[in-house]
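Just below is one structure, and these are the notes that go with it.
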Amino acid sequence: MSTIIAVAGKGGTGKTTVLALLIHYLLKNGKRPILAVDADADSNLADALGLSGDRSLSTIGKAREDFFQTKGSVPAGMPKEAYFELKLNEVLIESRDIDLLIMGRPEGVGCYCFINNVLRKYLETLGGNYPFVIIDNEAGLEHLSRRTTNDVDCLLIVSDYSLNGLRAAARIRNLAQDLRLKVKKFFLIINNAPSMLSEQFLQELHKLDIDVAGCLPEDSLIPQYDIERRSLLTLPEDEAAVMAMEKIAQKILT
Ligand SMILES: Nc1ncnc2c1ncn2[C@@H]1O[C@H](COP(=O)(O)OP(=O)(O)OP(=O)(O)O)[C@@H](O)[C@H]1O
Ligand SMILES: [Mg+2]
């Protein structure tokens, strides 16, 4: 059985960073292999994980679009479904401990029912091969409404250190509940948090009635790695954010 962990939150709150740090923790603790899914059309998880290199990365969206446009040209004797699965397999970026799947753009106009059915089955089967599936999402609430964040064990909602951020996090949790998405557990992570949270912030937090997985401090190595295009998986183990994630991950995974 896989443990599926997804992320949600306002733009730029640190969703991708949180997941990269979580993967850093999982790998250090022998929890591998991991399937990382980048479901943000404006994706950058590959960079954070050091998997992009210089190549242009293929996406599920591109494979779906190519198949849609050239439906007639499946090789003779090959079932359509098997051919599309073959194309989907080519999208998977494989490395030693992490495989990465980039979802890319959502579907265009037209009937994608057949394609999306094959895709759903493919993703289910693929995910089952990994003990951990980690899904990065776009900002906002869209992925909840589209029900692409469904059937997850744990939804990490990332907020910055602001009352506004907390309220946005609550809206995300409430919408997921209203839509009856299958989410076993919600956790809040406060990113760029000071070492002491203010009384007012704590009061607002209390009102939300959501489990707090923990706080991540502002860590100057994170933007530096980003600028230098270095993988966050190579952050030193004694780095403040890495150590903070250790506590957060232990809470999430118990
Ligand atoms: N704890 C932190 N300390 C320092 N910088 C951070 C921290 N968390 C995130 N950042 C920086 O903030 C920026 C936004 O982070 P990130 O890309 O993870 O956010 P996001 O929520 O995934 O954004 P988007 O909504 O665009 O997907 C990045 O430049 C990242 O390096
Ligand atoms: Mg992101």
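Contact annotation: residue pairs with Cβ atoms under 7 Å, 6 or more positions apart or on different chains, pairing a residue in the range 126-142 that is at negative phi and of a type in the set (S, T, N, Q) with a partner that is at pLDDT below 95 and within 12 Å of ligand 1 (Cβ to nearest atom), are ASN137/ALA39; ASN137/ASP40; ASN137/HIS143. Quick one: which residue in ALA63, ALA36, ALA46 is more than 16 Å from ligand 1 (Cβ to nearest atom) and in contact with a Leu (Cβ under 7 Å, 6 or more places away or on another chain)? After applying the criteria, what remains is ALA63. Applying a threshold of 9 Å to beta carbon distances and a minimum spacing of six or more residues, or different chains, the list of pairs starting in the range 78-102 at a residue that is part of a helix (DSSP H, G or I) and ending at one that is aromatic (Phe, Trp, Tyr) and surrounded by fewer than 16 Cβ atoms within 10 Å (Cβ to Cβ) reads LYS80/PHE114; GLU81/PHE114; PHE84/PHE114. Among the residues examined, ASP42 qualifies as part of a loop (DSSP other than H, G, I, E, B), within 30 Å of ARG173 (Cβ to Cβ) and modelled with pLDDT under 95. Under the condition of being polar (S, T, N, Q) and within 13 Å of ligand 1 (Cβ to nearest atom), the residues counted in the range 16-33 number 2.
Every listed requirement among (1) of a type outside the set (Phe, Trp, Tyr); (2) in contact with a strand residue (DSSP E or B) (Cβ under 6 Å, 6 or more places away or on another chain); (3) without any contact (Cβ under 8 Å) to a residue 24 or more places away in the chain is met by LEU45 save one, (3). PHE201 satisfies every condition listed in (1) modelled with pLDDT under 95; (2) more than 19 Å from LYS15 (Cβ to Cβ); (3) surrounded by 14 or more Cβ atoms within 10 Å (Cβ to Cβ) except (1). Which of the residues spanning the range 216-234 are surrounded by 15 or more Cβ atoms within 10 Å (Cβ to Cβ) and more than 7 Å from ligand 1 (Cβ to nearest atom)? Of everything in the range 216-234, those that are surrounded by 15 or more Cβ atoms within 10 Å (Cβ to Cβ) and more than 7 Å from ligand 1 (Cβ to nearest atom) turn out to be LEU221, TYR225, ARG230, SER231, LEU232, LEU233.
The values are calculated or read from the model by the stated rules, or taken from the named source; none is laboratory data. Source: prediction; values computed, not measured. Methodologically, a virtual Cβ is constructed for each residue, glycine included, from the backbone with ideal geometry; neighbour enumeration extends over all protein chains shown.
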